[in-house]
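Visitor: Okay, handing you the structure first.
The values are calculated or read from the model by the stated rules, or taken from the named source; none is laboratory data. The structure displayed is predicted, hence computed values, not measured ones. Using ideal geometry, Cβ is built from the backbone for each residue, glycine included, and neighbour counts are taken over all protein chains shown.
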């Protein structure tokens with residue numbers, strides 16, 4: 001049991017990821033306000049991005065621009081740029097989704113005069 | 001030239017979608033001819049691409065000339081090319097159908113509609129061709145954002161349905177991305193072909209098992225597999241009549257195609273993780289989806305809701321076919337996927353005609369249309385034959401090969417599920433016909449107007465292709481068996 005807990009704390013970044021992800025998911029499930037749901041959704045997206053960044057962190061490495069042109073390249077000296085590029089794309093995708101979601105929220109508010117899920121469902125009946 | 005056809009197929013709708021808001025700012029009436037021209041060009045290019053794949057074998061397209069494990073790769077093989085032909089044809093037919101209905105039910109947002117349709121078609125092309133897991137994620141999201149916009153474009157009750165679709169869809173996309181990052185952490189690559197070489201040594205790794213699970217749940221939400229299907233009926237029911245055919249015909253099926261790619265091209269057919277055959281697990285979920293979807297369709301009252309649940313049950317049947325782990329089942333599943341795309345398009349064209357032209361929304365009210373429009377009844381009968389799976393329609397042969405595959409795999413539960421789902425489909429179409437043939441006085445609020453030619457054209461072509469797919473099922477399935485199988489089967 002103690003071992004399991006210790007293993008958990010060996011990787012604080014994974015633990016943080018799990019907490020943020022579940023927190024966001026919980027907000028998405030339990031809140032009735034649509035914008036609060038979006039906050040939860042954005043937390044979920046951000047947690048995945050955080051995970052991607054944290055697994056690609058590297059100690060003692062530098063930016064992926066070759067320092068010399070003569071020596072054989074030592075891959076261990078450089079940070080892998082690919083996960084960061086993926087992160088950037090994922091952020092762009094996330095922002096686009098959030099933009100569409102906020103636009104939908106605004107349209108819903110103009111139509112129903114409320115952002116509360118239950119009230120909107122009542123008006124939809 | 002042949003080498004560049006896949007990229008051309010994607011760039012045509014993408015550039016048109018980007019250019020259209022600028023071009024159509026002053027000339028709104030240009031949006032329709034432009035999109036029709038682009039989709040017609042796509043049909044031609046996709047047929048050329050299929051032809052070149054048949055003649056010269058699959059094309060592996062490396063973007064900007066970066067070699068595959070590092071660069072982004074597209075794979076135009078038999079499977080993707082044949083799906084692309086269906087995709088561009090159905091896209092064109094949906095646009096033709098939307099011509100007269102769009103101005104009415106979109107509330108003036110016609111240019112938005114055409115831009116989003118083109119964007120959706122471009123993204124679906126990307127999903128079908130993607131040879132890279134992260135690339136697949138990006139196109140899944142582009143397709144999803146376009147569909148959220150399309151569902152909500154007209155406003156009204158569809159807005160809330162679109163919002164719920166967005167919440168669930170984004171959760172699915174996040175889970176898929178999480179799965180991809182697990183796979184990346186375990187194997188150090190994103191290219192499907194490269195990963196397929198790395199994974200056999202890594203199958204006991206928890207990262208791969210977890211990543212597979214997350215990817216499956218993520219794509220399960222996108223393809224509306226049964227426990228994750230809740231967004232689909234509302235979104236498709238409330239979506240504008242011009243929008244729902246293309247969404248129902250293509251979005252879930254192409255997400256399923258993405259899953260087929262991962263399970264067969266990346267993992268390999270016979271993969272067993274911790275004594276659990278992955279395919280068997282997916283087959284069980286497909287079995288559940290096939291039956292539960294049909295039961296829910298039987299209970300639905302609205303026409304579009306019933307057809308949407310029918311689509312959910314058919315996703316299950318396709319999944320049963322492709323997870324039998326043998327050639328017959330796989331070819332049957334892919335053939336049924338093509339059929340189902342055509343049938344869903346035809347069903348929602350029909351529902352769109354019923355709603356737009358006759359103001360009929362529920363199944364009971366169908367009696368008000370009844371005998372005045374005989375050819376509508378004929379179309380419904382043909383589509384019903386296809387959905388139930390009676391010869392000579394394509395639906396029959398698809399189910400036939402799926403059942404043959406399941407028998408070959410000695411998976412009798414799957415056979416029973418397909419048969420049970422067929423019976424339930426028969427039951428809900430009996431309900432439709434019962435309502436249709438019951439004589440009812442024509443209601444005053446039921447509009448009686450002549451159908452526009454374009455509605456007749458798109459409904460006629462899809463209905464005819466349901467029968468044609470059945471008549472030519474043998475050569476098509478033989479071709480799928482030789483050209484579109486995964487290398488591991």
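Visitor: Give me the residue from region B:203-215 that is within 28 Å of the chain's Cα centre (by Cα) and more than 18 Å from residue B:275 (Cβ to Cβ) and, out of that set, modelled with the lowest pLDDT.
Guide: Among those residues, the one meeting the criterion is B:211.
Visitor: Kindly evaluate residue B:25 against the criterion of being in a helix (DSSP H, G or I) and either at pLDDT below 90 or surrounded by fewer than 19 Cβ atoms within 10 Å (Cβ to Cβ) (or both).
Guide: Criteria not met by residue B:25.
Visitor: Next question. Being in a helix (DSSP H, G or I), in contact (Cβ under 8 Å) with a residue 12 or more places away in the chain and either over 30 Å from residue B:161 (Cβ atoms) or in contact with a strand residue (DSSP E or B) (Cβ under 6 Å, 6 or more places away or on another chain) (or both) narrows it down to one residue among A:46, A:87; which is it?
Guide: A:87
Visitor: Output yes when any residue across region A:91-107 is farther than 20 Å from residue B:170 by Cα, assigned to a helix (DSSP H, G or I) and in contact with a helix residue (DSSP H, G or I) (Cβ under 9 Å, 6 or more places away or on another chain), and no when none is.
Guide: There is no residue in region A:91-107 that is farther than 20 Å from residue B:170 by Cα, assigned to a helix (DSSP H, G or I) and in contact with a helix residue (DSSP H, G or I) (Cβ under 9 Å, 6 or more places away or on another chain).
Visitor: Right, here's the next one. Consider residue B:216 against the criteria (1) part of a helix (DSSP H, G or I); (2) more than 18 Å from residue B:289 (Cβ to Cβ); (3) touching a residue at least 24 places away in the same chain (Cβ under 8 Å): it satisfies all of them except one. Which criterion is unmet?
Guide: For residue B:216, the exception is condition (2).
Visitor: Would you mind finding the one in A:19, A:27 that is out of contact with any strand residue (DSSP E or B) (no Cβ under 7 Å at 6 or more places or on another chain), surrounded by 13 or more Cβ atoms within 10 Å (Cβ to Cβ) and in a helix (DSSP H, G or I)?
Guide: A:27
Visitor: Could we say that residue B:122 is under 16 Å from the mean Cα position of the chain (by Cα), crowded, with 24+ Cβ neighbours inside 10 Å, under 21 Å from residue A:94 (Cα atoms) and more than 14 Å from chain A (Cβ to nearest Cβ) here?
Guide: yes
Visitor: State which residue is nearest to residue A:120 (Cα to Cα) when the search covers only region A:54-82 and only residues that are surrounded by 15 or more Cβ atoms within 10 Å (Cβ to Cβ) and in contact with a helix residue (DSSP H, G or I) (Cβ under 7 Å, 6 or more places away or on another chain).
Guide: A:54
Visitor: Within region B:282-303, track down each residue that is assigned to a helix (DSSP H, G or I), at pLDDT below 90 and under 16 Å from residue B:350 (Cβ atoms).
Guide: The one that is assigned to a helix (DSSP H, G or I), at pLDDT below 90 and under 16 Å from residue B:350 (Cβ atoms): B:303.
Visitor: Something else: In this structure, does residue A:57 turn out to be closer than 25 Å to residue B:211 by Cβ, outside any helix (DSSP H, G or I) and more than 10 Å from every other protein chain (Cβ to nearest Cβ)?
Guide: yes
Visitor: Name the one entry in B:91, B:71 that is at negative phi and either in contact with a strand residue (DSSP E or B) (Cβ under 7 Å, 6 or more places away or on another chain) or outside any helix (DSSP H, G or I) (or both).
Guide: Selected residue: B:71, the only one of B:91, B:71 that is at negative phi and either in contact with a strand residue (DSSP E or B) (Cβ under 7 Å, 6 or more places away or on another chain) or outside any helix (DSSP H, G or I) (or both).
Visitor: Anything in region B:144-181 that is more than 9 Å from chain A (Cβ to nearest Cβ) and part of a helix (DSSP H, G or I)? List them, or say none.
Guide: Those that are more than 9 Å from chain A (Cβ to nearest Cβ) and part of a helix (DSSP H, G or I): B:146, B:147, B:150, B:151, B:158, B:161, B:164, B:165, B:168, B:172, B:176, B:179.
Visitor: Can I ask one more? Tally time: how many residues in region B:280-309 are buried (at least 22 other Cβ atoms within 10 Å of the Cβ) and closer than 26 Å to residue B:325 by Cα?
Guide: 7
Visitor: Any idea how many residues of region B:182-204 are part of a helix (DSSP H, G or I), within 12 Å of chain A (Cβ to nearest Cβ) and within 30 Å of residue B:148 (Cα to Cα)?
Guide: Counting residues in region B:182-204 that are part of a helix (DSSP H, G or I), within 12 Å of chain A (Cβ to nearest Cβ) and within 30 Å of residue B:148 (Cα to Cα) gives 3.
Visitor: Within region B:53-68, count every residue that is in a helix (DSSP H, G or I) and on the phi > 0 side of the Ramachandran plot.
Guide: 2
Visitor: Pairs needed: first member in region A:104-117, free of Cβ contacts under 8 Å to residues at least 12 places away in the same chain and more than 7 Å from chain B (Cβ to nearest Cβ); second member anywhere, outside any helix (DSSP H, G or I) and surrounded by fewer than 15 Cβ atoms within 10 Å (Cβ to Cβ); C-beta distance under 6 Å; at least 6 residues apart or different chains.
Guide: Hits for this filter: zero, empty list.
Visitor: In contact with a helix residue (DSSP H, G or I) (Cβ under 7 Å, 6 or more places away or on another chain) and within 14 Å of chain A (Cβ to nearest Cβ): does that describe residue B:211?
Guide: Yes.
Visitor: Also, I was wondering about something else. For residues in region A:70-125 being more than 24 Å from the chain's Cα centre (by Cα) and closer than 30 Å to residue B:181 by Cα, which is modelled with the highest pLDDT?
Guide: The extreme case among them is A:78.
Visitor: Would you point out which residue out of B:133, B:140 is within 18 Å of the chain's Cα centre (by Cα) and within 11 Å of chain A (Cβ to nearest Cβ)?
Guide: Every option except B:140 fails the conditions.
Visitor: Just one of the numbered conditions (1) closer than 30 Å to residue B:112 by Cβ; (2) surrounded by fewer than 12 Cβ atoms within 10 Å (Cβ to Cβ); (3) at the interface with chain B (Cβ under 10 Å from one of its Cβ atoms) is not true of residue A:85; which one?
Guide: With (1) closer than 30 Å to residue B:112 by Cβ; (2) surrounded by fewer than 12 Cβ atoms within 10 Å (Cβ to Cβ); (3) at the interface with chain B (Cβ under 10 Å from one of its Cβ atoms) applied to residue A:85, the lone miss is (1).
Visitor: Against the condition part of a helix (DSSP H, G or I), buried (at least 16 other Cβ atoms within 10 Å of the Cβ) and within 11 Å of chain B (Cβ to nearest Cβ), how does residue A:120 come out, does it pass?
Guide: Yes, satisfied.
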